[in-house]
Amino acid sequence: MGLADLPPTVAAMKNPTSKIVYDEHNHERFPPGDPSKRAFAYFVLSGGRFVYASLLRLLILKFVLSMSATKDVLALASLEVDLSGIEPGSTVTVKWRGKPVFIRHRTEDDIKLANSVDVASLRDPQEDAARVKNPEWLVVVGVCTHLGCIPLPNAGDFGGWFCPCHGSHYDISGRIRKGPAPFNMEVPQYNFMDENKLLIGLELVWFDFFFAINLVQIFQKAISSSSAYDEQFRQLVSAGKDIESIYWELVINDIQDACKLFEPIYDQTNGGDGYVSVEVSPRLANDTNGTIEAAKWLHKAVNRPNVYIKIPATAECVPSIKEVISNGICVNVTLIFSLSRYEAVIDAYLDGLESSGLDDLSRLTSVASFFVSRVDTLIDKMLEEIGTPEALDLRGKAAVAQAALAYNLYQKKFSGPRWEALVKKGAKKQRLLWASTGVKNPAYPDTLYVDPLIGPDTVSTMPDQALQAFIDHGTVSRTIDSNLSEAEGIYSALEKLGIDWNKVGSQLEAEGVDSFRKSFDSLLVSLQKKCDSLKLVGP
């Protein structure tokens, strides 16, 4: 075998040369942002509403099993780092995307040294200020830009890093100063969440996989246009099952399969991630006791630790939420449209935790799904009817303002003596989930309901269009609580114009429940048609 047949790294070792050759044998060079690799950057899907879901083997499980993490997916992975224990003058190494990341707590002398360099003399000219967000902290990917080796910290001729493989020296800003490396060490995308917390990468969602998908239409399509469920249909009908019972058996089977797929994530995160969500029948939205019994039955039937039972936040179901949680069942609360109802949902969660009788609450979790864009859709119509310049100027602002106030309420409710007593038993906060984040008015920015709602402990569900828009030009920053006073001003201004927030919430809730119920009924009709097409007669 000649040198030409060897990977560049091996060839370089056998025939040393000053020529720079990148080793693509094991490390494919991949241009960032390749559109072909974006489609499933986050497996949190929504078709405009976050609805109950059969996860159907045919379309979803096959897809999940076949998908592999692309470089864009890896680029979106995030890592939180606690900076409080890193002493000035020291460097720590963490692992992100399978690579080391150096975090240097720089001293005053380090900062002066980094800024004393003649930038024009550098091989890869960069001001130190362009490489740091806070002068005290330098964050770089710990890989030499020559052949991908890992440099040694606090070494070399310039007080930064030294790569012993081929003699590249980097300064205290991670800039190449001597040796064969052509470029400075890469600065990853990162943000300071607070004074002592660093987030490397993006944090769009808190779940690696929070698997609850709008699949009513997909399920109907799979039923009507494929044979994937035919054999199960025959068996269930032959066993004397009615159409709704058949539906639940199909759903439970698929939910169990999906839970099994994501259980390793659930275990690795101590019950933080890897959930699958399934909703009780929408026909029970105004039935307190019926919802409680359905949730208990569904939880027992699925019999998986990482399943969320989805319950609507209607007035009748708020007591159901408390009772179901007190029975040790994890709940995804859906259809929240107002602050008053959201506070009632939080109280139901806290009441449920307290009355559960459990000494360990670490695996009893919940999310609260707060709907966003639909609020603007309704309030914008009201503002146009009012028609004054002041009213028209508030269009497109109500939903985000209310969401910001919801997050402020979340922060208040999950603090203080009552919450601290629960934390001692391992309780976890009920996370806020932003639902209905697709922009319905084409005049508005396509990331209107994503960019302003980023913050710790939140979940963002996005339809594909919003997800692609955010990947392309979204703003990665903690925004949800960046301007609370503005949100309060907008909320109050709308009230002064006669907008009754509780009435808005009630109307949207009623519309949501009706929509969910109609979709469920339509699905059952599709199942009956499937039976008829197979010449089966359901009782």
Note to self: With the structure loaded, tell me whether residue 244 is touching a residue at least 60 places away in the same chain (Cβ under 8 Å), within 27 Å of residue 521 (Cα to Cα) and open to solvent by 30 Å² or more (accessible area, probe 1.4 Å) or whether it fails that test.
What the structure shows: yes
Check: How many residues does the stretch 358-388 hold that are in contact with a Ser or Thr (Cβ under 8 Å, 6 or more places away or on another chain) and outside any helix (DSSP H, G or I)?
Finding: 4
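Quick grid of which residues meet (1) acidic (Asp, Glu); (2) touching a Lys or Arg at 6+ places or on another chain (Cβ under 8 Å); (3) under 26 Å from residue 425 (Cβ atoms):
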{"site": "309", "(1), (2), (3)": "no, no, yes"}
{"site": "326", "(1), (2), (3)": "no, no, yes"}
{"site": "329", "(1), (2), (3)": "no, yes, yes"}
{"site": "336", "(1), (2), (3)": "no, no, yes"}
{"site": "342", "(1), (2), (3)": "no, no, yes"}
{"site": "348", "(1), (2), (3)": "no, yes, yes"}
{"site": "368", "(1), (2), (3)": "no, yes, yes"}
{"site": "385", "(1), (2), (3)": "yes, no, no"}
Margin query: I'd like to know if the stretch 255-269 contains one or more residues that are touching a helix residue (DSSP H, G or I) at 6+ places or on another chain (Cβ under 7 Å), under 27 Å from residue 366 (Cβ atoms), at pLDDT 85 or above and surrounded by fewer than 21 Cβ atoms within 10 Å (Cβ to Cβ).
Written below: yes
Next item on the list: Restrict the check to the stretch 324-332 and report whether at least one residue is buried (at least 22 other Cβ atoms within 10 Å of the Cβ) and in contact (Cβ under 8 Å) with a residue 60 or more places away in the chain.
Entry: yes
Checklist line | Output for the stretch 510-533, where each listed residue is at pLDDT below 85 and surrounded by fewer than 15 Cβ atoms within 10 Å (Cβ to Cβ) | finding: 529, 532, 533
Next item on the list: Give the stretch 299-311 a look and list any residue that's closer than 25 Å to residue 508 by Cβ and touching a helix residue (DSSP H, G or I) at 6+ places or on another chain (Cβ under 6 Å), or say none.
Entry: 309, 311
Item checked: Only one of 238, 245, 340 that is hydroxyl-bearing (Ser, Thr, Tyr) and within 27 Å of the chain's Cα centre (by Cα) -> 340
Note to self: Take residues that are open to solvent by 30 Å² or more (accessible area, probe 1.4 Å) and modelled with pLDDT of 90 or more and tell me which of the strands (runs of 3 or more DSSP E) falling wholly in the stretch 81-152 contain 1 or more.
What the structure shows: 91-96
Next item on the list: Please identify the pairs in which a residue from the stretch 422-433 that is farther than 19 Å from residue 275 by Cα has its Cβ atom under 7 Å from the Cβ atom of a residue that is assigned to a loop (DSSP other than H, G, I, E, B) and open to solvent by less than 10 Å² (accessible area, probe 1.4 Å), counting only partners at least 6 apart or on another chain.
Entry: 422/361; 425/361
Notebook entry, point to check: Restricting attention to the stretch 153-176, which residues are in a loop (DSSP other than H, G, I, E, B) and of a type in the set (Val, Ile, Thr)?
Noted result: 172
Notebook entry, point to check: Condition test on residue 335, is it within 22 Å of residue 513 (Cα to Cα), at pLDDT 95 or above, open to solvent by 10 Å² or more (accessible area, probe 1.4 Å) and in contact with a helix residue (DSSP H, G or I) (Cβ under 7 Å, 6 or more places away or on another chain)?
Noted result: no
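When the residues of the stretch 181-201 are narrowed to those that are at pLDDT below 75 and touching a strand residue (DSSP E or B) at 6+ places or on another chain (Cβ under 9 Å), which ends up least open to solvent (accessible area, probe 1.4 Å)?
201
The values are calculated or read from the model by the stated rules, or taken from the named source; none is laboratory data. As the structure is a computational prediction, the values presented were derived from the model and not from experiment. Every residue, glycine among them, receives a Cβ derived from its backbone with ideal geometry; neighbour counts consider all protein chains shown. Surface accessibility is based on the protein's heavy atoms, side chains included, excluding ligands, DNA and RNA. Shrake-Rupley method; radii C 1.70, N 1.55, O 1.52, S 1.80 Å.
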